[in-house]
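One structure below.
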Amino acid sequence: MQARSYPWRLSRGRALLLQGGVLLALLALLAWCWHNASLRLAAQGVSSGFGFLQREAGFAIAETPIAWSPADTYLRALGIGLLNTLKVSLPALLLASALGVAVGIALGAQSRLWRRLARGYVESLRNVPLLLQLFVWYGVFSALPPPRQAPQLLPGVFLSGRGLLLPAPLADLRWLWLAGAALLAVGLAWALYRRRWPLPVLLPLPPLAAVGSWWALGAPPLWSLPVLGGFNFHGGLLLSPEFAALGCGLAFYSASYIAEIVRGGIDAVPAGQREAGLALGLRRAELMRLIVLPQALRVMLPPLAGQYLSLIKNSSLAVAIGYPDLVSIANTAINQTGQAISGILLIMLAYLSVSLVVAALMAWWNRRLLQRGEA
Amino acid sequence: MSPLPFVLAAALGGFVAPALAGTTFDAVKQRGALRCGVNVSVPGFSSPDSQGHWQGLDVDVCRAVAAAVFGDAGKVEFVPLNAQQRFAALQSGEIDMLSRNTTWTLTRDAELKLDFGPVVFFDGQGFMVAKALGVSRAGQLDGASVCVQSGTSTEQSVSDWFRARGMSFRPVVMDNFDELNKAFFAGRCDVYTTDRSGLASIRMTMSGKPDDYLILPDMISKEPLAPAVRHGDQDWADVVRWSVMVLIEAEELGVTSANVAEKRDSADPALGRLLGRTPDLGQALGLPQDWAFQAIRQVGNYGEVYQRNLGPLGLDRGLNALWTQGGLLYAIPAR
Ligand SMILES: N[C@@H](CCC(=O)N[C@@H](CS)C(=O)NCC(=O)O)C(=O)O
């Protein structure tokens, strides 16, 4: 193709000069605004600065992935907030992707019933504000029976309005034995699989090996089981209703957008590709997995990245249903210290960093796909 | 909703003018109405009734100031604010005064640069539980789930209290008052903590079944609730302070909305001075001669305001009785 000429384009040197000038002017304007704003805010008693980060926070936090006591600093509290934001966003991202792909495929399914169902899902979830959906999820999860009447689903698994309680693995070196045995069994199963042993026989091998070695060790207690005492359960692993509601809300909502992206991606794959696949004798599922989805992925990635970012940002609705995410904890810190400006700046900075990391990861993945496509 | 819009408003304002121009008092007079920040909905303190008229003790405090300034208690624009927004709204100049069950603390006074008026309700933080829980004292609450609203002084007080006793609890923190109430009444928490007056209001008006809930006798903090204005605007602070103070003074002196005219024209010279037979007190504040008269006539004395608003919640006067009756209310003399 012949290179077109753009008469309005400046020469390279001039363009640089112009851009530099605009940038400088912008920076000067920002600096002036910042100066004025901080003068005025100081006069109004809105303090700025970051000294408060080293002070004792003095409040309790419900969910803490790392150790926390109210005697710790605001900085640590905000760190816990950020961890909580990631703790709910990442599983929600995975769930939303899986669900979105499934619904997206169903949107283009041959069966009319599947298509209708998928369309209904997408339209209803996309058109109801996320906040309302969160309230519904939260209502459902907190309406479960109170702890004292909570049903035991499996040994050590309870479902109550205070959350889902699971056995939690204890930090114990003997887990290594179990893991080793399971790994060996996986290797063995793999070898047998190549000799065309049937899967139903092979799949139970690793878990059996783990249980067997546990038994051989004398069946030591490696789990902390939840037990009811006083008001609530103690021990075990707690998935709180706040976590569950926020995670499900984000995942099901984002899945409705991801589904559309997936459908669009699939539509963008030229029909010839499918026909060629069918001609090779591939089954429909194989066609989807081996031919269509890998090519659709290239079209899907950029909008998908945007969707992931908005899922993470949407997690800031957490405080509405009592999940201690970054914004919720920063709000408390701002309320106790009066550091509104610094607090909001920190929130923005944290979201910006997370977004940049996610965007970079997605861009890297995109580049790899493109390179592979070119090779 | 977050306080962000107010903070941004404050910051953006700064881009244009680096300092607040004029005093609040001038601005209020020019506008012809008082902009008063109140609670969104805590019946007894501040809530709109079925006709949309604002009712409550905090609301009447705003009205008393408007009556003193304009001679008309109706000249108030009520600005409903949640816990998070209230201080930013005051700092940004969005409201002229804050009258929203707000605790007077050193940090808020000095760090947020506010000036607090007379205490209009001596309160303390408490606990509410479902009777079915079988708890009668706060000491039995180890390990409980506790519902608290963010943006309040409550979050820290409850942490302090449990920490000081080596007890543990699990907070459920929400910024939205309605959602928090719903969560508590759905059984998400064992305990609800906030000011005991707030608990009384929530129990009475939002539980649906007040008899199923119990407010524990323990008081874990002091929460003196007072109106607030921006720091550094002394003339305006004086107006607010004295407009509220005369309501207490009136109760001490036996002046009510019904008999205020009669009292003004009585032989008592002190009463005559207070109620505006002579101009000096009003002049000193820059207010009309009948400022106190109008406040009392249109709003009532403190006792009337209390009965009207908090009587229906079954809150007895307790600490909020006059000092002559075993309470803490003591009007600084208006003379
Ligand atoms: N006095 C305390 C608490 C005041 C407060 O905000 N109380 C809550 C619970 S009664 C409330 O009024 N919430 C209503 C709302 O935010 O809409 C303070 O000043 O921080």
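The values are calculated or read from the model by the stated rules, or taken from the named source; none is laboratory data. Note that the structure is a prediction, hence the values are computed from the model and not measured. Ideal geometry is used to build each Cβ from the backbone, glycine not excepted, and the neighbour counts take in all protein chains shown. Remember, those area values only see protein heavy atoms, side chains included, never the ligands or the DNA or RNA. Shrake-Rupley method; radii C 1.70, N 1.55, O 1.52, S 1.80 Å.
Do you know which residues across segment B:280-329 are among the aromatic types (F, W, Y) and farther than 18 Å from B:L57 by Cβ?
At the first step, the residues of segment B:280-329 found to be among the aromatic types (F, W, Y) are B:291, B:293, B:302, B:306, B:323.
Scanning segment B:280-329 gives B:W291, B:F293, B:W323.
If a residue must be closer than 18 Å to B:W242 by Cα and more than 15 Å from the chain's Cα centre (by Cα), how many such residues does segment B:43-74 contain? First the steps, then the outcome.
Let us first name the residues in segment B:43-74 that are closer than 18 Å to B:W242 by Cα, namely B:57-73.
Restricting the remaining residues to those that are more than 15 Å from the chain's Cα centre (by Cα) gives B:66-73.
Number of matching residues: 8.
What are the pairs with Cβ atoms under 8 angstrom where one residue, in segment B:145-160, is more than 7 Å from every other protein chain (Cβ to nearest Cβ) and in contact (Cβ under 8 Å) with a residue 24 or more places away in the chain and the other, located anywhere, is aliphatic (A, V, I, L, M) and open to solvent by 10 Å² or more (accessible area, probe 1.4 Å)? Sequence gap at least six, or different chains.
Partner pairs satisfying both residue conditions: B:V148/B:V173; B:Q149/B:V173; B:S157/B:I220; B:V158/A:A60; B:V158/B:I220.
What's the number of the only condition in (1) open to solvent by 30 Å² or more (accessible area, probe 1.4 Å); (2) of a type in the set (A, V, I, L, M, F, W, C); (3) touching a residue at least 12 places away in the same chain (Cβ under 8 Å) that B:L106 fails to meet?
Status for B:L106: all satisfied but (3).
Please specify each residue of segment A:135-147 satisfying the condition of being part of a helix (DSSP H, G or I) and facing another protein chain (nearest Cβ under 10 Å).
First pass over segment A:135-147, keeping only residues part of a helix (DSSP H, G or I): A:135-142, A:147.
Result: A:F135, A:Y138, A:G139, A:F141, A:S142, A:P147.
Based on this model, can you work out whether A:S213 counts as among the small types (G, A, S) and within 14 Å of another protein chain (Cβ to nearest Cβ)? Can you show your working first?
On the way: among the small types (G, A, S): yes; within 14 Å of another protein chain (Cβ to nearest Cβ): no.
No: the conditions fail for A:S213.
Quick check on segment A:153-170. Is at least one of its residues surrounded by fewer than 19 Cβ atoms within 10 Å (Cβ to Cβ) and at positive phi?
yes
Picking from B:A258, B:A237, B:A250, which residue would you name as being over 23 Å from the mean Cα position of the chain (by Cα) and either closer than 30 Å to B:R108 by Cα or modelled with pLDDT of 95 or more (or both)? Break it down stepwise before answering.
Values: B:A237 fails: over 23 Å from the mean Cα position of the chain (by Cα); B:A250 fails: over 23 Å from the mean Cα position of the chain (by Cα).
Every option except B:A258 fails the conditions.
For segment B:73-88, check the following and say yes or no: at least one residue is crowded, with 23+ Cβ neighbours inside 10 Å, more than 10 Å from the ligand (Cβ to nearest atom), touching a residue at least 60 places away in the same chain (Cβ under 8 Å) and within 14 Å of chain A (Cβ to nearest Cβ).
yes
Is there a residue being modelled with pLDDT of 95 or more, within 16 Å of the ligand (Cβ to nearest atom) and either crowded, with 23+ Cβ neighbours inside 10 Å or charged (D, E, K, R) (or both) anywhere in segment B:26-37?
yes
From the residues in segment A:307-346 that are more than 7 Å from chain B (Cβ to nearest Cβ) and of a type in the set (G, A, S), which one is farthest from B:T154 (Cα to Cα)?
For segment A:307-346, the residue satisfying everything is A:S310.
Would segment A:347-357 turn up any residue that is in a helix (DSSP H, G or I), surrounded by 13 or more Cβ atoms within 10 Å (Cβ to Cβ) and within 14 Å of chain B (Cβ to nearest Cβ)? Let's see the steps before the verdict.
To start, the set of residues in segment A:347-357 that are in a helix (DSSP H, G or I) comprises A:347-357.
Still in the list and also surrounded by 13 or more Cβ atoms within 10 Å (Cβ to Cβ): A:347, A:350-351, A:354-355.
Next, from what is left, pick out any that are within 14 Å of chain B (Cβ to nearest Cβ): A:347, A:351.
Within segment A:347-357 (the criterion being in a helix (DSSP H, G or I), surrounded by 13 or more Cβ atoms within 10 Å (Cβ to Cβ) and within 14 Å of chain B (Cβ to nearest Cβ)), the answer is yes, since at least one residue qualifies.
Which of the helices (runs of 4 or more DSSP H) found entirely inside segment B:274-335 contain at least 3 residues meeting this: open to solvent by 40 Å² or more (accessible area, probe 1.4 Å)? Before the answer, list the steps.
Numbers: elements: B:280-285, B:291-299, B:302-310.
Hits in segment B:274-335: B:280-285, B:302-310.
Would you check if A:V299 is assigned to a helix (DSSP H, G or I) and open to solvent by less than 30 Å² (accessible area, probe 1.4 Å)? Quick ask: steps written out before the conclusion?
On the way: assigned to a helix (DSSP H, G or I): yes; open to solvent by less than 30 Å² (accessible area, probe 1.4 Å): no.
Considered against the rule, which asks whether it is assigned to a helix (DSSP H, G or I) and open to solvent by less than 30 Å² (accessible area, probe 1.4 Å), A:V299 comes out as no.
Would you mention how many residues in segment A:52-75 are surrounded by fewer than 18 Cβ atoms within 10 Å (Cβ to Cβ) and away from chain B (no Cβ under 12 Å)?
6
Might you check whether a residue that is farther than 27 Å from B:R188 by Cβ and in the same structural domain as A:P241 (by the TED database) occurs anywhere in segment A:353-373?
Step one: of segment A:353-373, the residues farther than 27 Å from B:R188 by Cβ are A:353-373.
Remaining after also requiring in the same structural domain as A:P241 (by the TED database): none.
So far as segment A:353-373 goes, no, none of its residues is farther than 27 Å from B:R188 by Cβ and in the same structural domain as A:P241 (by the TED database).
Being more than 18 Å from B:S197 (Cα to Cα), within 12 Å of the ligand (Cβ to nearest atom) and modelled with pLDDT of 95 or more narrows it down to one residue among B:F116, B:F70, B:F121; which is it?
Working: B:F70 fails: within 12 Å of the ligand (Cβ to nearest atom); B:F121 fails: more than 18 Å from B:S197 (Cα to Cα).
One residue alone meets the criteria, B:F116.
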